[in-house]
Amino acid sequence: MHSLSYNPDYFQKTLTELVPVLSHYLKSSSHSEQKVLIQKPIANILAELDFSRLISEGGGSLPEIITTLLGHCNHMLDPRYIGHQVAVPMMPAIFADLVNGVSNNAMPVYEMGPAATAVERGLISWFLGKTGWQTTGDGVLTHGGSLANQTCLLAARAHALPQAWEKGVDGSAVILASAACHYSIAKMAAILGLGTAQVIPVSVDEVFRMRREALTETYAAQKAAGKKIMAVVANACVTATGVYDPIRDIAEFCREHNLWLHIDGAHGASALVSQKYRHFLDGIELADSLTWDTHKMLGTSALCGAALFRRKKCLDGTFRQQGTYLFTDQQKEGVDISERTVECTKSMMGLKLFFNLAVLGEAGLATHVDTLYNNTRLFYTFINERPGFSCLCPPEANVLCFRYGVNSALQDSLRQELVAEGDFYITRATIHGESYLRLSVMNPLTAEQHISKLCDRLEQLAGHLKTEFK
Ligand SMILES: Cc1ncc(COP(=O)(O)O)c(C=O)c1O
């Protein structure tokens, strides 16, 4: 055994040396001291890390390696990071990754990770309290929203096609999903054996909100074609534009026709912790399942998702696996979580949200959601009032689509230039064939002054590009 493999003194010494390195990364990021986005070629990064030599010979100094590595990482805490829907990790949650690394109580079965399982069960109950399913429902944490969507759709399949686990599917089942739903829905339909062609798009309005009338029409057409509707999928909120589908309307339709309603709330279900914004999920108690990520709006690092169900029995029996080395019929303590997930071994992911809640309280997370949603409304007004700029629509969540001018190709070039410079990180979206610039306001430090500088820079870049886009 190498002398450092299991040497707690090495851990303590290295951690002490790392504290200033990691703290400097956080502080310099929040003060915008460097580029927010750093994109070097893979070969350069590996060369700077001395990767080939280190992996063959070892002997590396972690503080040195981590310093180099962080030099190539994007800066999430920089207020100019307005890019993707990935949380800026809150400080308490960061320690969960450390505890996971130290204890590694991976938990397919209770006896392998009693503390992590207990925390997960406690959090599931907390999530269910927010949806109104506390007494009837159940759920499970998953490594992210895509897997949560898969878990929910698998339960919907078990409900609609109980034979499918053993015999597969015969092509008669379809999913009616918002035309603006996240691509993981189609991906999971393929993995579940339905095929992507069996995800029937329900048309959306100009800002990507699902239309109730369109659902009625699509449902009628599929029924007339002899299809079995496995589930209806709606968004809370839409990834591209941040608008919420009318959940109560859609849920009432689904109840009327006895359809499973899945809400993909990977991003926007966190509004349920906010008194001010929870109305966007009005009617959620009528849905059958919900995906909710904590690594988007609840300040945890990736990954931690939740697949939640209104009825407990929907999860029981969805996964009918055998593993005599893991599962037995003997009476025992706790709950064996992997009997209810796609995964077997799971990280102690619930600790991240637990630590945020334990230190900041639910009120701390509500303030976080409120701040991001409030700020996005301020940025909407600011951008919309600035000559030359326009927004797609008033924001509902913390996503804002806007443009400088109206030329689609210009928006794409502006974003490309901006990313190459690395002083701001924003994304883009195609809305009904037109390109828009897109902000995800994930960082409470992002303020009007940063948006003002962003607009200044976009104007300057557009000036340089103007001959191309006349
Ligand atoms: C609405 C929605 N659903 C699902 C996902 C996938 O989540 P994950 O990246 O955690 O797998 C995303 C990711 O952005 C999303 O916005």
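The values are calculated or read from the model by the stated rules, or taken from the named source; none is laboratory data. Because the structure is a prediction, the values reported are computed rather than measured. Cβ: placed from backbone, ideal geometry, glycine included. Neighbour counts: every protein chain shown.
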- prompt: Which residue pairs have Cβ atoms closer than 7 Å, lie 6 or more positions apart in sequence or on different chains, and pair a first residue in the stretch 286-298 that is on the phi < 0 side of the Ramachandran plot and within 7 Å of the ligand (Cβ to nearest atom) with a second residue that is acidic (Asp, Glu) and not in a helix (DSSP H, G or I)?
  reply: 291/264
query: For the subset of the stretch 273-298 comprising residues that are acidic (Asp, Glu) and under 14 Å from residue 152 (Cβ atoms), which member is surrounded by the fewest Cβ atoms within 10 Å (Cβ to Cβ)?
result: 288
Selected residue (criterion: nearest to the ligand (Cβ to nearest atom)) from residues of the stretch 255-267 that are over 15 Å from the mean Cα position of the chain (by Cα) and crowded, with 24+ Cβ neighbours inside 10 Å: 262
- line: Output for Cβ contacts, cut-off 6 Å, separation at least six or different chains, first residue polar (S, T, N, Q) in the stretch 346-374, second in a helix (DSSP H, G or I), reads 347/100; 356/92; 356/93
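Table: residues versus (1) assigned by TED's automatic domain parsing to the domain that holds residue 267; (2) over 15 Å from residue 229 (Cα atoms); (3) among the hydroxyl-bearing types (Ser, Thr, Tyr).
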residue	(1), (2), (3)
162	yes, no, no
166	yes, yes, no
172	yes, no, yes
177	yes, no, no
181	yes, yes, no
202	yes, no, no
query: Do we have residue 139 as in the same structural domain as residue 107 (by TED's automatic domain parsing) and more than 12 Å from the ligand (Cβ to nearest atom) here?
result: yes
field: When residues of the stretch 161-186 are limited to those that are touching a Lys or Arg at 6+ places or on another chain (Cβ under 6 Å) and of a type outside the set (Phe, Trp, Tyr), the one nearest to the ligand (Cβ to nearest atom)
entry: 174
message: Quick check on this structure: which one of 123, 154 is over 21 Å from residue 245 (Cβ atoms) and within 16 Å of the ligand (Cβ to nearest atom)?
response: 154
message: Among the residues in the stretch 187-196, are any within 14 Å of the ligand (Cβ to nearest atom), in the same structural domain as residue 307 (by TED's automatic domain parsing), under 23 Å from residue 257 (Cβ atoms) and surrounded by fewer than 21 Cβ atoms within 10 Å (Cβ to Cβ)?
response: no
Single unsatisfied condition, residue 64 versus (1) out of contact with any Gly (no Cβ under 9 Å at 6 or more places or on another chain); (2) part of a helix (DSSP H, G or I); (3) buried (at least 16 other Cβ atoms within 10 Å of the Cβ): (3)
Matching option when the condition is within 17 Å of the chain's Cα centre (by Cα), within 16 Å of the ligand (Cβ to nearest atom), surrounded by fewer than 24 Cβ atoms within 10 Å (Cβ to Cβ) and farther than 15 Å from residue 185 by Cβ, among 270, 301: 301
message: Could you check the stretch 377-393 and list, in sequence order, the residues that are under 24 Å from residue 88 (Cβ atoms) and either outside the structural domain of residue 439 (by TED's automatic domain parsing) or in contact with a helix residue (DSSP H, G or I) (Cβ under 8 Å, 6 or more places away or on another chain) (or both)?
response: 378, 379, 382, 383, 391
Condition met for residue 44 (farther than 30 Å from residue 296 by Cα and either in a helix (DSSP H, G or I) or within 33 Å of the chain's Cα centre (by Cα) (or both)): yes
message: Need the failing condition index for residue 415 against (1) surrounded by fewer than 20 Cβ atoms within 10 Å (Cβ to Cβ); (2) within 25 Å of the chain's Cα centre (by Cα); (3) basic (Lys, Arg), just the number.
response: (1)
- prompt: In the list 5, 56, which residue meets the criterion of being among the hydroxyl-bearing types (Ser, Thr, Tyr), out of contact with any Asp or Glu (no Cβ under 6 Å at 6 or more places or on another chain) and assigned to a loop (DSSP other than H, G, I, E, B)?
  reply: 5
statement: Quick count over the stretch 84-106, residues being within 16 Å of the ligand (Cβ to nearest atom) and either crowded, with 20+ Cβ neighbours inside 10 Å or aromatic (Phe, Trp, Tyr) (or both), is 5
